[in-house]
Amino acid sequence: MPRGVRVLLGCLPGLAAVAALPLCASGVERAVEANARAAAPAAARYTAPRPDIVPRTAWLGDDARPQPAPRYDDEVTAVFVHHTDTPNGYDCADAPAILRGVYLGQTGARDWDDIGYNFVVDRCGTIYEGRAGGIDRPVTGAHTQGFNHRTTGIAALGTYTAGVPVPDALTDAIAALAAWKLGPAGTDPRGRVRLVSSNGLSRYAAGTTASLPAVAGHGEGYETSCPGKALTARLPDIRELAARLQGRPDAA
């Protein structure tokens, strides 16, 4: 009898050893699975479901203008939060029309190739696809000078300067979107990321590696008051909720 078999059978008397073989195998399998889970990358362990998103065709309709093909990055590692600097007292049923106005302003007066934001969220918490290229893909936006690569721009429809109430539905939707977009890269929404500035007009010289919040306000990357003091003050809450939606443990 091979030595390995004698050793295994020597653990238990007679037929008990044979009966124990499936139990031993099962225990080994469970241990392997547990080790695999522990070794799994953060991207696999901390993800969030995709929230409901209104496609751009639903709000843009026939107003879409000819544009070049979308550009893509390898992944999304950070989120920049903006506001659109439009009126706040709108009926949410009118949000698509307001969003069309933002699009036409950016592609008309500013001569951009598309709306700059990857997503826009209204005060009722409805999320709209912004820039073309695919909701699920890492589309390169045009939202934060110097830091459009490997980031997603999420704009709140409205103007959230000091003293303006910020609806919970709005911040909850931003958190859900951030949690989902940052999940594949394994980014903790409460943490910081290293991003390389691509434009000297940003807060950082071109080529400089900056350490920025994973969920940052527009002003963190570019000299601006956007997204307004009221919405900026809610960013810590957005980060915490996004982390919980990813299933991350509470911060120590």
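The strands (runs of 3 or more DSSP E) found entirely in the range 90-158 that carry 3 or more residues being closer than 17 Å to VAL79 by Cα and out of contact with any helix residue (DSSP H, G or I) (no Cβ under 7 Å at 6 or more places or on another chain) are 151-156. Residue count for the range 203-218 satisfying the condition of being within 22 Å of LEU177 (Cβ to Cβ) and either more than 18 Å from the chain's Cα centre (by Cα) or aliphatic (A, V, I, L, M) (or both): 4. For the range 59-81, which residues satisfy the criterion of being of a type in the set (A, V, I, L, M, F, W, C) and either touching a residue at least 60 places away in the same chain (Cβ under 8 Å) or crowded, with 17+ Cβ neighbours inside 10 Å (or both)? Answer for the range 59-81, where residues must be of a type in the set (A, V, I, L, M, F, W, C) and either touching a residue at least 60 places away in the same chain (Cβ under 8 Å) or crowded, with 17+ Cβ neighbours inside 10 Å (or both): TRP59, LEU60, VAL76, ALA78, VAL79, PHE80, VAL81.
Okay, residues lined up against (1) acidic (Asp, Glu); (2) touching a Leu at 6+ places or on another chain (Cβ under 6 Å); (3) exposed (fewer than 14 other Cβ atoms within 10 Å of the Cβ):
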| position | (1), (2), (3) |
| --- | --- |
| ALA210 | no, yes, no |
| ALA214 | no, no, no |
| TYR222 | no, no, no |
| ALA230 | no, no, no |
| PRO236 | no, no, yes |
| ALA243 | no, no, no |
| GLY247 | no, no, yes |
| ALA251 | no, no, yes |
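GLU240 fulfils the conditions (1) in contact with a strand residue (DSSP E or B) (Cβ under 9 Å, 6 or more places away or on another chain); (2) more than 20 Å from THR144 (Cβ to Cβ); (3) not aliphatic (A, V, I, L, M) except for a single criterion, (1). When restricted to residues that are assigned to a loop (DSSP other than H, G, I, E, B), among the aliphatic types (A, V, I, L, M), more than 25 Å from SER211 (Cα to Cα) and touching a strand residue (DSSP E or B) at 6+ places or on another chain (Cβ under 8 Å), the range 50-89 contains 1.
Cβ-Cβ contacts under 6 Å between residues 6 or more apart (or on different chains), taken from a first residue in the range 82-100 that is free of Cβ contacts under 8 Å to residues at least 60 places away in the same chain and in the same structural domain as GLU129 (by TED's automatic domain parsing) to a second residue that is assigned to a loop (DSSP other than H, G, I, E, B) and not hydroxyl-bearing (Ser, Thr, Tyr), are listed as CYS92/ASP122; CYS92/CYS124.
Of all residues in the range 181-207, those satisfying the criterion of being among the polar types (S, T, N, Q) and crowded, with 18+ Cβ neighbours inside 10 Å are THR187, SER197, SER202. Hey, among the residues in the range 157-172 that are in contact with a Ser or Thr (Cβ under 7 Å, 6 or more places away or on another chain) and of a type outside the set (Ser, Thr, Tyr), which one's surrounded by the fewest Cβ atoms within 10 Å (Cβ to Cβ)? Out of the qualifying residues, it is LEU157.
The values are calculated or read from the model by the stated rules, or taken from the named source; none is laboratory data. Bear in mind the structure is a predicted one, so any value in this text is a computation, not a measurement. With ideal geometry, Cβ positions are generated from the backbone for all residues, glycine too; neighbour counts draw on all protein chains shown.
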